[in-house]
Amino acid sequence: MAEPVALKLTQKDFKSDQEVRWCPGCGDYAILAAVQSFMPELRIPRERTVFVSGIGCSSRFPYYMNTYGMHSIHGRAPAIATGLSVSRPDLSVWVVTGDGDALSIGGNHLIHALRRNVNLKILLFNNRIYGLTKGQYSPTSELGKITKSTPVGSADSPFNPLSLALGAEATFVARTIDSDRKHLQSVLRAAAEHQGSAFVEIYQNCNIFNDGAFETLKDPSTRDEYLIRLEHRQPITFGADGQRCVVHPPGGFGLEVRETASVDPADIVVHDATVAEPAYAFALSRLPGLDLRNTPIGVLRQVERSSYDERVREQTDSAKAKATGTPEEQLAGLLTSGDTWTIL
Amino acid sequence: MTKQVRQLDRVVIRFAGDSGDGMQLTGDRFTSETAQLGNDISTLPNFPAEIRAPAGTLPGVSSFQVHFADYDILTPGDAPNVLVAMNPAALKANIGDLPRGADIIVNTDEFTKRNLTKVGYAANPLEDGSLDGYALHPVALTAMTIGALADHDVSKKDAERAKNMFALGLLSWMYSRPYESTIRFLERKFAARPELVAANIAAFKAGWNFGETTEDFGVRYEVKPAKMSPGTYRNITGNQALSLGLVAAGVRSGLPVFLGAYPITPASDILHELSKHKRFGVTTMQAEDEIAAIGAALGASYGGSLGITTTSGPGVALKGETISLAVALELPLVVIDVQRAGPSTGMPTKTEQADLNMALFGRHGEAPVAVVAPRSPSDCFFAAIEAARIALTYRTPVILLSDNYVANGSEPWLLPEVDSLPDLRVEFATEPNGDDGKTFLPYLRDPVTMARPWAIPGTPGLEHRIGGLEKADKTGDISYDPANHDFMVRTRAARIEAIPVPDVEVEDPDGDARTLVLGWGSTYGPIGAACRALRQRGLPVAQAHLRHLSPMPANLGDVLKAYDRVVVPEMNLGQLAHVIRGRYLVDAIPYNQVSGLPFTAAKLESMLEEVVKNG
Ligand code: SF4
C-alpha cells in the first residue's frame, strides 16, 4: 500500500487538463469534485496514485484525474487493476466502475477481486441505468423498469450491490451518495485507510436517463425518513427525531426497523462494522425496500483479512530470501537442473 | 545363456496401456535412460482428454512413443519398431500403426475374455493367427511382477501397479540402456514409502532378468551414441522449455515476470512450472477466467513487469478484446497459445495449427500484433525469449504459437550459456519528452523502434492517462479526428511490419532444388525428415521454415519466387498458404492434415515426391 508522505497538494493538483464531458447536471461531477478535493488529504504523491476504469459514463473518470490512469475494457478494470496492484505494492490503486460495468459484464472480476481481497479501492457509481449506450436498463434497475430496451418493463430482478459484495466476502463495504460531499469523503477516507479491497457504492444521479432515481434520499423533506446513517458504535436510529430504529428481532434471521418508542432502548442494535460474521452487514444491506425506504449509508462492514497482494508478496519474498547467487547464476543452475549429460 | 547383440542405428518404441498403467512415466524413464546413453531422441506422448476413461476401453488408451538413434533425428518416428501393449485395448488402438515384422510385447494376463469383448475382439488375437506377421512376445507381465514381489511388504494392488517397471526393465535390457537414473528416480519418487522403492526396483530388475534368461528374447540390441555437439544436455519438453525461456527473459530483462493464466489443456503445465520459480521474481496468478488472466498480465505490464498470459485456442478467443486494448495501449504483452485441435473444445489433447488465422487476424478493428512460432520442443525456449524481446523492445503484444505436439514432445537440448542469451534490458521513461522540457507526450515515438515511451506509474512528472479510445498522435489525448485515426491505424500497422526479424534460411544442400517446402511451427521435424529422405534418394527439395509469422522475414518474397513450386504443409486447412498467396501472389500448394496427429515424415515424403517429380 502506498505510504503517505509529507506533501502539500491541493484539489487543483488532481485536476487534469482534459475538458470534463459528462452531461451538465450529471452526478459524476459532484463525485469527481469530491474525490479531487479529498485526494490531497491522503498525502500520497500523484504519481503513486492510479485510477483504472472500465467502460461507461463513470469510467471516463481517470481522464479527469491528474494521476496515472487507464480507461480499459468494459467490465475488466478489477482484473487489470489486480495485476497492477499485486505487482506494484507501492501504488494506491483505485477502480472506478458503474452498475453495468461492475455488475453485468464485469461481475465475475468484481466478485473475485473482493474474495481475494486485492488492495483496490473500488468506487461503483450506481445510477441504475446504462447511460453511455443511451438508456437501457441495468442490473440494478428495478423490476418492471421501462427503458429503451424494456418498453413494457424489465423482467429482471436487480442485484443489491452491497449484498453481492458481502456474499463475495468483501472486507470493506460501504455506501454513499453523490450529492453529500461530506459523507462521501468520510466514506472515501475509511476506504483509503482499509487494507485490502474496499467496495464503495455511490448512488449517482443520471439526470438524462434515470433522473431522480435517488431523489427521496436527497430531498430534505424525505431524506431523514428514508436514510439510515450508520455510525460505528452508535445505536442505529433514524428519522428526523430518531423515531425509528433497527432491532434484531428474537427468532428472526435479519434486522428490522421499529418505532423507537416501542422498543426497549437496550434492544436497539449498536452498529459495529467490525463484526466478523458477514451476516450482520448482510442483514443491514437487506433493510431497504423497493421504494428505498430504510437505506443504510456509511460503512456497513470493515474487517481485517490479509490482502492477496500481501500473501503473494510473502511467497515471493520467502522464495527470494532462500535463493543465493546472482539471477544469472540462478538461471544457469535452473537450466542445468534435472538429469543432464555432457558430451565432450 | 549368452545372447546375441545386434547393432541398430535407430529404434522407435511405443509404450501403450490403460491411462492408469503408468505409460507416460514408463516412456519418460526409458527416454531419460536413453538420453544418458547419448542417443539423439524425440518423443511423443498421446493421451486421452479424460483423466480416467473407463479401464480397458479404447478411449482409455494412453501411449508414449520414443524414437532414438545414433544420428540426429527430427521426429518421434512414424511407425514403431516395437509396441508394448499392456492390454487388448492398447493392442487394438495401436496395431494399425505397426509395420509387419515389428516386435509386439503383450501383457497376456490382461487378455481375458472380458477385456477382449470390451474392445470388440471376437477371438483372442494372440491365438487366432492374426498377429502372425509380427514378432509376438507374450509375457505374463502382471503375474510375473506379483510373483517377483511375493516377499515384499506391499499390497497386491501396489505389486500389480509395479508391472510398468517390469516392462521398463525388460525393454531396458533389450536395448542395453543404463538404468541408474531410473533407480535414482524411484528413490526420489517414493522417498516417503521405502517399501515402494524396493518393490519398484525389484520389479524393474525382474523385468531385466527375465530378458536375460528367457529364450523368447534371443537378441539384445545396441544403439550407439549419436554424434552431437559437445556440451551439456538435458531432455526437455516444449512446455518446460517455454517456461524456462520465460524465466530467462525475466532474468535477461531485469524485470519481474507476471503470469496470468487460467487452467487449460495443453498449456497448464507452463503455469505449473512457472509457479515454482518465484525466487526469480516470477508471480503467477491463477485468474478467475481467461479474460482476467490477460487483464492482470496487462495491468502488470502497465506497472513495469513482463506481463505474460498462457492459454490454448479457446482462451485466445476470449482474450481477443484485451489483446486489442494492448495494441491500442502499445504495452508489452506475451500471449502464449499452445494450440490444440478445435473448434470449440475439439480434441484438447491432440495437436493442430489452426489458430494462425486467429493470431494474425482474430481481433476487432485493425489490431496487428507480432506472431512467432517454435519449431521443436527445445526451440520453445528461444521462441519464448524472442517473443519477450519483441514485446519489450517494440511495446506490443506478441502471440507465440506453440502446439500440443511440441509442448508435450521432448528432445535433447544443448543447454545455452546464460551470457549468450539476448540482452533484453529496457529503459523506462523518466523525464518529460516534450519540446518545452515539461510536457510528457506518451505517444511520441522512438524514431528507430517506433515504440512509445514506457512510463510506469510511480514516475514523478509523467502522470498521464491511457485507454482504449483513439489517441491523438504524440499527446495521447482522446481524439475523434478522422485524419488522426487514419494516421494512427496506419502507424500501428507500420510499426509491426517494421520490426526487424531475421531472414528466413533455406536448406537446399545441393542448391538445385526447384521445389520449396515452406512450413511454420511444429511441422519442422516431419518436413525436415521428409526432405532428407527425398534428398537421399536423389530428389532435390528445398526447405524453409518460418519462426516469424508477423512480421514475415524481409527476404521471404524473394525466396518464394526463386522456386518453381512452393508447397505449404500445415496441420490446418491452408492458413499460411492463404497468407502467402495473398501477400506474395505465389501459387502456393497447400497440403493439409487435421487429424489431431502430427504429419508422418513418410506421408510428407510421398506427397513431396509427387510434386518434385511431376511438378
Ligand atoms: S448519460 Fe447520465 S450518467 Fe452519463 S454523463 Fe449523462 S447524466 Fe451522467
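The values are calculated or read from the model by the stated rules, or taken from the named source; none is laboratory data. From a predicted model like this one, the values you see are computed outputs, not experimental measurements. So basically every Cβ, Gly included, is an ideal-geometry build from the backbone, and we count neighbours across all protein chains shown.
Quick grid of which residues meet (1) within 25 Å of A:R48 (Cα to Cα); (2) buried (at least 16 other Cβ atoms within 10 Å of the Cβ); (3) among the charged types (D, E, K, R):
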residue: B:E366; (1), (2), (3): no, no, yes
residue: B:R375; (1), (2), (3): no, yes, yes
residue: B:E386; (1), (2), (3): no, yes, yes
residue: B:P397; (1), (2), (3): no, yes, no
residue: B:L424; (1), (2), (3): no, yes, no
residue: B:L441; (1), (2), (3): yes, yes, no
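Each residue in region A:127-143 was checked for being of a type in the set (S, T, Y) and more than 10 Å from the ligand (Cβ to nearest atom), and 4 pass. A count restricted to region A:84-115 and to residues that are away from the ligand (no atom under 16 Å from the Cβ), part of a helix (DSSP H, G or I) and surrounded by fewer than 24 Cβ atoms within 10 Å (Cβ to Cβ) stands at 6.
Region B:88-187 holds helices (runs of 4 or more DSSP H) entirely within its bounds, and those carrying 2 or more residues that are buried (at least 19 other Cβ atoms within 10 Å of the Cβ), within 33 Å of the chain's Cα centre (by Cα) and not assigned by TED's automatic domain parsing to the domain that holds B:L597 map to B:88-94, B:163-174. Looking at region A:35-64, which of its residues are closer than 24 Å to B:A297 by Cβ and either more than 16 Å from the ligand (Cβ to nearest atom) or of a type in the set (S, T, Y) (or both)? Within region A:35-64, A:E47, A:R48, A:T49, A:V50, A:F51, A:V52, A:S53, A:S59, A:Y63 meet the criteria.
Tally time: how many residues in region B:212-247 are part of a helix (DSSP H, G or I) and within 11 Å of another protein chain (Cβ to nearest Cβ)? Number satisfying all stated conditions: 6. Considering every residue within region B:65-75, establish whether at least one is more than 21 Å from the chain's Cα centre (by Cα), assigned to a strand (DSSP E or B) and either under 24 Å from B:P526 (Cβ atoms) or not basic (K, R) (or both). Within region B:65-75 (the criterion being more than 21 Å from the chain's Cα centre (by Cα), assigned to a strand (DSSP E or B) and either under 24 Å from B:P526 (Cβ atoms) or not basic (K, R) (or both)), the answer is no, since none of the residues qualifies. Taken over region A:116-152, the criterion of being part of a strand (DSSP E or B) and crowded, with 16+ Cβ neighbours inside 10 Å is satisfied by A:L120, A:K121, A:I122, A:L123, A:L124, A:F125, A:N126, A:Y130, A:Q136, A:T147.
When residues of region A:6-32 are filtered for being within 14 Å of the ligand (Cβ to nearest atom) and not acidic (D, E), how many remain? Result for region A:6-32: 12.
Can you say whether B:A326 is in a helix (DSSP H, G or I), under 22 Å from B:L424 (Cα atoms) and not aromatic (F, W, Y), as far as the supplied structure shows?
Yes.
Anything in region B:248-284 that is touching a strand residue (DSSP E or B) at 6+ places or on another chain (Cβ under 6 Å) and within 7 Å of chain A (Cβ to nearest Cβ)? List them, or say none. B:F258, B:G260, B:T283, listed by residue number. Output the residue which, of all residues in region A:59-83 that are in a loop (DSSP other than H, G, I, E, B) and within 7 Å of chain B (Cβ to nearest Cβ), is surrounded by the fewest Cβ atoms within 10 Å (Cβ to Cβ). Among residues in region A:59-83 that are in a loop (DSSP other than H, G, I, E, B) and within 7 Å of chain B (Cβ to nearest Cβ), the one surrounded by the fewest Cβ atoms within 10 Å (Cβ to Cβ) is A:N66. In region A:38-58, the qualifying residues are those that are hydroxyl-bearing (S, T, Y) and facing another protein chain (nearest Cβ under 10 Å), and the one that is surrounded by the most Cβ atoms within 10 Å (Cβ to Cβ) is A:S53.
All of (1) closer than 18 Å to B:V426 by Cα; (2) surrounded by fewer than 24 Cβ atoms within 10 Å (Cβ to Cβ); (3) of a type in the set (A, V, I, L, M, F, W, C) hold for B:L306 with one exception: (2). Among residues that are out of contact with any Lys or Arg (no Cβ under 7 Å at 6 or more places or on another chain), part of a strand (DSSP E or B) and on the phi < 0 side of the Ramachandran plot, B:P45 is included. When B:A35, B:A55 are checked against the criterion of being among the small types (G, A, S), in a loop (DSSP other than H, G, I, E, B) and in the same structural domain as B:G120 (by TED's automatic domain parsing), a single residue qualifies: B:A55.
Please pick out the residue among A:A170, A:A165, A:A155, A:A174 that is assigned to a helix (DSSP H, G or I) and either surrounded by fewer than 24 Cβ atoms within 10 Å (Cβ to Cβ) or among the hydrophobic types (A, V, I, L, M, F, W, C) (or both).
A:A165
Please work out if B:V12 is buried (at least 23 other Cβ atoms within 10 Å of the Cβ), assigned to a strand (DSSP E or B) and not charged (D, E, K, R).
yes
If we scan region A:323-338, do we find a residue that is in contact (Cβ under 8 Å) with a residue 24 or more places away in the chain and crowded, with 16+ Cβ neighbours inside 10 Å? Looking through region A:323-338, none of the residues is in contact (Cβ under 8 Å) with a residue 24 or more places away in the chain and crowded, with 16+ Cβ neighbours inside 10 Å. If only residues of region B:443-475 that are in a loop (DSSP other than H, G, I, E, B) and of a type in the set (S, T, Y) are counted, the one that is nearest to the other protein chains (Cβ to nearest Cβ) is B:T459. Determine if region A:147-162 includes at least one residue that is closer than 30 Å to A:L91 by Cβ, within 16 Å of the ligand (Cβ to nearest atom) and away from chain B (no Cβ under 14 Å). No, that holds for no residue. Listed by first and then second residue, the pairs linking a residue in region A:5-18 that is more than 12 Å from chain B (Cβ to nearest Cβ) to a residue that is hydroxyl-bearing (S, T, Y), with Cβ atoms under 7 Å apart and 6 or more places separating them unless they lie on different chains, are A:Q11/A:S37.
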